[in-house]
């Protein structure tokens, strides 16, 4: 039996400590506690393997922890966003692109960033080592340029002579030399300059290590500029305070770590560098319900350098103390070690090992490091199979009974009207939605403006307590209505609200209608009133953002309680009788246009089976968040006579509806159909949606099924789509212009996928 949600634990940041804590929460969940991870990316780099990745030794997957997989295993909601503040009095995390996230307990593990001094040109012409995704994107772009033009001289500048800067210089050199070797080019044109304001490199290490690393750098031809402070950076050049100037194509900045200022502005106790001061229990020194770990934390009694080894060691103690805090149990102190083993990769599958005053270099050291790093990463891949209880949004934890709100866990839940969400809860959510509260709490630079509704044809909506909404249909127009409702496919109610609204509105766009109003139907998981309010607010905020952008108004709806989150909308639109689109308007000789890539069904089925890469799901979600509104307008402008949106019945199922309604035959070009990354690979492994078998029955309308059913893309014809694209028939002479216009509007995967031709009415010939 599921335990109702009674507390919210929010983890801000996907650092090493939080990754370990998430895995442990998956192994030992706390029923009654809702876990939420807020992170900017769906995977997080493991710092120990990043230099090897830069050198080309490790792939992206080798050295990144899949946070989507980990969050699902832990039963956690995953919010992909950037934290920009804390509202501690109201216990909310302020995010850049979504409503504030409420918490009872919060833990922060956001790492650190290089401290960028007041140097001219630093923000325009420098690539900081963090955030890591930005750094890796810049590094990959540089490597790609060298692959394309290997005979061009390359000069790099690296600012910072600590461990990070030295290791980066050696590993960058190794990768660039490898590219030149493969292109049969000399590495004489490769120059790397390392700038350091001190007289010695790597000041936190012992004398032997400092001297050894300096000899390695010089032996490999890396130019050292010691006792040099960078004064300015311009396009292609570094200028030092001493007057020395060095030409550099690209400059990477790897210096002292810093913390964002929103931590101190929130009122947290921080040290002189802005890092969160924590007690031995990893609790904030000023706010006991705030925890912190990793680089962003500064232990008051045990000051330590910013090294990944401490973040890794803090993972389990953090998890244990979070569980204890949530259950009102005494916390345990964590005592970090004074001396620790450091293994510094030199890019050539060798490593320098050091601990305290001891040091040694060998290839055996690299093998040792490689084994340790791979073992660390393996724990996030070899996850036990997830049970239905863990994957459900309602997964929760046996709390101390006094920690769970107003009702006992054994309380039976009512059906009928007794299953409605409480009136006060609903009233508070609607009040917050109407005032766009989340927009007001963001700075102008971070917030996304949502246009206020100015519709005059909505006579009664959310602003009154009447029993129904009242809308007016303008003279000369008709009302177009549609309804859709489904269970959540992502563990983020705000994102789910956005995806659902796009999906539900698409039926209107496919008909050529303009959205006017919508009624919501919601099932909220069993929880205490506060937690239900948070879920409903996040969900409706996401949906309302999409509705407002489309020009529609949320005018009412119905809420109820259930075992899992589900949502849908009844959407009302307006159209002119002589300008709407239907499925039955296809004409001989027309071209078929598809506006989005397919594959969401198999990808989310693969995610449930722990087989999908985080980047694949990211791409699928990005596609689902693209509105079909502009595409519909574009298709109409280019003479579309028939249209549908590709959703649950899959591409072929919806095409069958069109050809049967139109009484025509179609030639479908299988090779031209755009497919989401990873979808073909998953379909070929036999991973398909539960609706796939029913959709597959549409093969009866394919005239040459025996000739094409072994093609790799064939199974994706029956893949059900959520918030899929539009499929329309347009005059063939308009096809090229229409496709160019769609791509200019942002429909990057839009494609010509077939044509209306001769043949038996209602049949499809699959080419390819």
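The values are calculated or read from the model by the stated rules, or taken from the named source; none is laboratory data. The structure presented is a predicted model; accordingly, all values stated were derived computationally and were not measured. Cβ atoms come from the backbone with ideal geometry, glycine included; neighbour counts cover every protein chain shown.
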| query | Which one is surrounded by the most Cβ atoms within 10 Å (Cβ to Cβ) among residues in segment 125-161 that are without any contact (Cβ under 8 Å) to a residue 24 or more places away in the chain and in a helix (DSSP H, G or I)? | reply | 145
| Any idea which of 626, 598 is surrounded by fewer than 24 Cβ atoms within 10 Å (Cβ to Cβ), in contact (Cβ under 8 Å) with a residue 12 or more places away in the chain, under 24 Å from residue 683 (Cα atoms) and not assigned by TED's automatic domain parsing to the domain that holds residue 516? | 626
| said: With the condition being buried (at least 18 other Cβ atoms within 10 Å of the Cβ), I'd like the helices (runs of 4 or more DSSP H) fully within segment 686-768 carrying at least 2 qualifying residues. | reply: 692-695, 735-744
| Filtered residues of segment 249-270 (kept if over 29 Å from the mean Cα position of the chain (by Cα) and modelled with pLDDT under 95) | 249
| field | Top-ranked residue of segment 511-536 - restricted to ones that are touching a helix residue (DSSP H, G or I) at 6+ places or on another chain (Cβ under 7 Å) and under 15 Å from residue 479 (Cα atoms), ranked as surrounded by the most Cβ atoms within 10 Å (Cβ to Cβ) | value | 518
| Which of (1) part of a loop (DSSP other than H, G, I, E, B); (2) touching a strand residue (DSSP E or B) at 6+ places or on another chain (Cβ under 8 Å); (3) more than 29 Å from residue 715 (Cα to Cα) is the odd one out, the single condition residue 588 does not satisfy? | (3)
| request: Give the residue, chosen from 632, 620, 612, that is in a loop (DSSP other than H, G, I, E, B) and surrounded by 24 or more Cβ atoms within 10 Å (Cβ to Cβ). | output: 612
| task | Determine whether residue 70 is under 20 Å from the mean Cα position of the chain (by Cα) and either buried (at least 24 other Cβ atoms within 10 Å of the Cβ) or within 25 Å of residue 533 (Cα to Cα) (or both). | result | yes
| task | Tell me, yes or no, whether segment 331-339 has at least one residue that is at pLDDT below 95 and in a helix (DSSP H, G or I). | result | no
| Does residue 251 meet the test of being closer than 23 Å to residue 152 by Cα and surrounded by 17 or more Cβ atoms within 10 Å (Cβ to Cβ)? | yes
| said: For residue 743, only one of the following conditions fails: (1) at pLDDT below 95; (2) over 25 Å from residue 490 (Cβ atoms); (3) under 25 Å from the mean Cα position of the chain (by Cα). What is its number? | reply: (1)
